[in-house]
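S.K.: Below is one structure. I have some questions about it.
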Amino acid sequence: MVYVLCTFMDALLVKMTPSFAGLFPLVRKFILMGRNLIHVRKVSWHPYSDTHLGILSSDSVFRLFDLSSDVLQPEQEYYLQPVEPGRSRNAASICPVDFSFGGDHLWDKFSVFMLFSNGSVYILCPIVPFKSVYKWESVLEIYSDAEMFGLKSANPVAVNNSNLAIFWLEATFPELAHESKEGELSTLRAHPYAIFDASLCLQGPLRKVCHGVEDEDLAVRGAECEGHAVSFLYDLASKDSILVTAWSGGQLQIDALSDEIQPVWTVGSPPRLRVNSHDHILGLAMLCESISGELPVVKLDNPHDHTVWLGHPPPLLRLAIVDLALPRKTESGSHISMFADPLMPERIYSVHDGGIDSIVLHFLPFTSQSSGKDETVRSPSVHPVLSTCQVENSTPSPLCGFIALSDSFGYSWITVTTSNKECVVLEMKTLNLLVPVHVDMKKESASSEEWTNRNPPDFISKELLSGPKVVLVPQGSPNLRSVAADSIEGRSTLHQYLNLFHENYVEYAHKVYFELEHHGPQLKKIVEDQHARLAEAQEKLSKVVKKQSGLENRVNHAMHRHNLLEQRLHCLRNLPGVHKKPLSKAEREFKSELGQFTRVELDALRASIDTLRARLGRFRESSKGDAPNQHRKIAGRNNVLDAQISQLKSSLTKLSLVNSDNTKKVKLVESALKNQEISR
């Protein structure tokens, strides 16, 4: 299988560590294998793992690789089938184009958004890399939500879906079942798990939310932009999940999820698992099909019980359609890639052939609703950041790479590489970008003072923060101190000094008073917010103080265990077998001689015993045959035979003693050698 992609190496370079430097030969080998050409549409690192890489290919397969364990074998494979089997549809209209991982918001963190070339967006949830790390509070929040709103629902479909979600959460994060560990854990590590009789459902396509009956046809119709979809971006801005789709005609379609994502499984479609000898899951593959049948049209006035945990994909709330006004020079259209600002999520960077544009969102529906502000819907503002056309009507120079960065001081940067091997670094301002100038056309005659009173600035100006201007005192005559104050020259000098003081310091004091007076409510809100944060910090500190005694006990217990282990180690080092010296040359020679004599003497003793037994047997046979005739001769020789037999018995006893003695010595030498080898 061949994976040919242009951005594969770029994705590795963005998040490459020294341990991955040796992976490039394997990656190149993997890319050039096989004869079937499969194009890679998108490569992206997973936000909750440093070693997992997601790859979407043109064969409608999403693969998740764990580069720390196996580079060539994917850890997870998801075969996407957005159309029901048997239905005919143009294959080019349903091929995957791009994907994006979700952000840190409820089930979004376990979701993967898939974009197809016809502009339809699908969701896979839940997808979790094995051994990835998540926050305890965020996982506990969705676990409690499933128990509260899913299990207590009157709809059996919602109860079944929430039961599957809770079962999956408890198996993937076993710590959730132990409530006693709630205060001790800050992060959770995902365990490999898959439901054995169910596969993930391809939720979608996502529809627009309807305001009434007249909008139902608009929700089912296709996209309102020109061309085909080319790229996709998920952006989490405060409490809003923003989905941005770029089209080849140069338009950006900006939507927001109007409901929460919930996991959905297709029961009866078991996945294929790859396990080891201990039945531990090493990898999985599953077929992800879309929901069969017509999806219900979601309206804004639907009650909450009619949508939650029913397996319906979340609807989209259209925020805006931004036309970048890009020139059409190719039939395939423009290729647009998008990136979110890491410091200011309301700002989105659009990188295209003509350069870079900044799109700032001024209206976030759910963030405004949660903060209690009744804001009017404002269109996004587009600001050109960088142009690659040096002269008008010239051919643009394409950009090779782009990355948005932020530092700990609150500054936002973008870094761009060009085809001419140039690197451009720009600092992006974030001040007052979210407050666009709003002019009331009905009241053009309003004075500047009324305008300032009606719309006070959100931030104190830098001029006031820098202080009054330094004024140089005019040079006077050398005998100025001798001039009387009531004289003409003294009065003119005092009048000049008073004018300078009034023009600078008094006016500066008036400006400071004016801005502080109009910033009173805002400063009060900031102070209240700081007090709330201070109370929260004090509460956390009190919890830390309460846990301090437990931590000290655990540390003391660990130190006690450490001392016990050191004592055991010291005792083991003092054992007699540890410090034995190796045998000398004479001892080794003596051991070899004993080994030679052992077998020889034992064999000789056995041969002597066998000979004596044979002679004794022959003697008994001969004595039985000649007993009547030679009784007198035997009687005369009995004394001689008894003496010989007793002598033989004594010699046998001596030989057996010598043999046992030698055997014991050999065993002692062998045990000494074994102890010496063990101590080494």
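S.K.: Of all residues in region 47-71, which are open to solvent by 40 Å² or more (accessible area, probe 1.4 Å), of a type outside the set (Asp, Glu) and over 12 Å from the mean Cα position of the chain (by Cα)? Break it down stepwise before answering.
M.R.: Within region 47-71, the first condition is being open to solvent by 40 Å² or more (accessible area, probe 1.4 Å), and the residues that meet it are 47-48, 50, 59, 68-70.
Narrowing the set further to residues that are of a type outside the set (Asp, Glu) leaves 47-48, 68-69.
Listed by number, the residues that qualify are Ser68, Ser69.
S.K.: Sticking with this structure for a sec: Please note which strands (runs of 3 or more DSSP E) are completely contained in region 106-161 and include at least 1 residues that are in contact (Cβ under 8 Å) with a residue 40 or more places away in the chain and among the hydroxyl-bearing types (Ser, Thr, Tyr).
M.R.: On the way: elements: 112-116, 121-124, 133-135.
Those strands (runs of 3 or more DSSP E) span 121-124, 133-135.
S.K.: Report, ordered by the first and then the second residue, all pairs with beta carbons closer than 6 Å, sequence separation of six or more or different chains, a first member in region 52-71 that is over 17 Å from Phe113 (Cβ atoms), and a second member that is among the β-branched types (Val, Ile, Thr) and open to solvent by 10 Å² or more (accessible area, probe 1.4 Å).
M.R.: What qualifies is Ser58/Ile38; Asp59/Ile38; Asp66/Thr51; Leu67/Thr51; Ser68/Thr51.
S.K.: Checking Gly222 against (1) surrounded by fewer than 18 Cβ atoms within 10 Å (Cβ to Cβ); (2) over 28 Å from Val43 (Cα atoms); (3) modelled with pLDDT under 80, only one condition comes out false. Which one?
M.R.: The failed condition is (2).
S.K.: While we're here: Hey, does region 568-576 have a residue that's touching a residue at least 40 places away in the same chain (Cβ under 8 Å) and either closer than 30 Å to Ser679 by Cβ or under 42 Å from the mean Cα position of the chain (by Cα) (or both)? Working first, answer last.
M.R.: The initial filter retains those residues of region 568-576 that are touching a residue at least 40 places away in the same chain (Cβ under 8 Å), namely none.
Looking through region 568-576, none of the residues is touching a residue at least 40 places away in the same chain (Cβ under 8 Å) and either closer than 30 Å to Ser679 by Cβ or under 42 Å from the mean Cα position of the chain (by Cα) (or both).
S.K.: Working only within region 640-671, note down all residues that are basic (Lys, Arg) and without any contact (Cβ under 8 Å) to a residue 60 or more places away in the chain.
M.R.: Lys649, Lys654, Lys664, Lys667
S.K.: Hey, does region 343-356 have a residue that's at pLDDT 80 or above, in a loop (DSSP other than H, G, I, E, B), over 28 Å from the mean Cα position of the chain (by Cα) and under 28 Å from Ser44 (Cβ atoms)?
M.R.: yes
S.K.: Quick check on this structure: which one of Ser277, Ser290, Ser248 is surrounded by fewer than 17 Cβ atoms within 10 Å (Cβ to Cβ), at pLDDT below 90 and hydroxyl-bearing (Ser, Thr, Tyr)?
M.R.: Working: Ser290 fails: surrounded by fewer than 17 Cβ atoms within 10 Å (Cβ to Cβ); Ser248 fails: surrounded by fewer than 17 Cβ atoms within 10 Å (Cβ to Cβ).
Answer to the check: Ser277.
S.K.: Given the conditions (1) at pLDDT 85 or above; (2) surrounded by 18 or more Cβ atoms within 10 Å (Cβ to Cβ); (3) under 30 Å from the mean Cα position of the chain (by Cα), and given that Val308 satisfies all but one, which numbered condition is not satisfied?
M.R.: All conditions pass for Val308, except number (1).
S.K.: Somewhere in region 429-448, is a residue modelled with pLDDT of 65 or more and either basic (Lys, Arg) or surrounded by 13 or more Cβ atoms within 10 Å (Cβ to Cβ) (or both)? Spell out how you get there, then give the answer.
M.R.: Initial filter on region 429-448 (modelled with pLDDT of 65 or more): 429-430.
Applying the additional criterion that residues be either basic (Lys, Arg) or surrounded by 13 or more Cβ atoms within 10 Å (Cβ to Cβ) (or both) yields 429-430.
Within region 429-448 (the criterion being modelled with pLDDT of 65 or more and either basic (Lys, Arg) or surrounded by 13 or more Cβ atoms within 10 Å (Cβ to Cβ) (or both)), the answer is yes, since at least one residue qualifies.
S.K.: Any residue that is outside any helix (DSSP H, G or I) and open to solvent by 20 Å² or more (accessible area, probe 1.4 Å) - is there at least one of those in region 174-181?
M.R.: Filtering region 174-181 for residues outside any helix (DSSP H, G or I) gives 178.
Next cut, open to solvent by 20 Å² or more (accessible area, probe 1.4 Å) only: 178.
Yes, there is a match, as at least one residue in region 174-181 is outside any helix (DSSP H, G or I) and open to solvent by 20 Å² or more (accessible area, probe 1.4 Å).
Here's the yes/no breakdown for (1) under 30 Å from Leu648 (Cβ atoms); (2) surrounded by 11 or more Cβ atoms within 10 Å (Cβ to Cβ); (3) of a type in the set (S, T, N, Q); (4) at pLDDT 85 or above:
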| site | (1), (2), (3), (4) |
| --- | --- |
| Lys546 | no, no, no, yes |
| Asn553 | no, no, yes, yes |
| Arg568 | no, no, no, yes |
| Ser584 | no, no, yes, no |
| Phe597 | yes, yes, no, no |
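The values are calculated or read from the model by the stated rules, or taken from the named source; none is laboratory data. Just so you know, these numbers come straight off a predicted model, no measurement behind them. All Cβ positions, glycine included, derive from the backbone under ideal geometry; neighbour counts span all protein chains shown. To get the accessible areas, we keep the full protein, side chains included, count just its heavy atoms, and leave off ligands, DNA and RNA. Shrake-Rupley method; radii C 1.70, N 1.55, O 1.52, S 1.80 Å.
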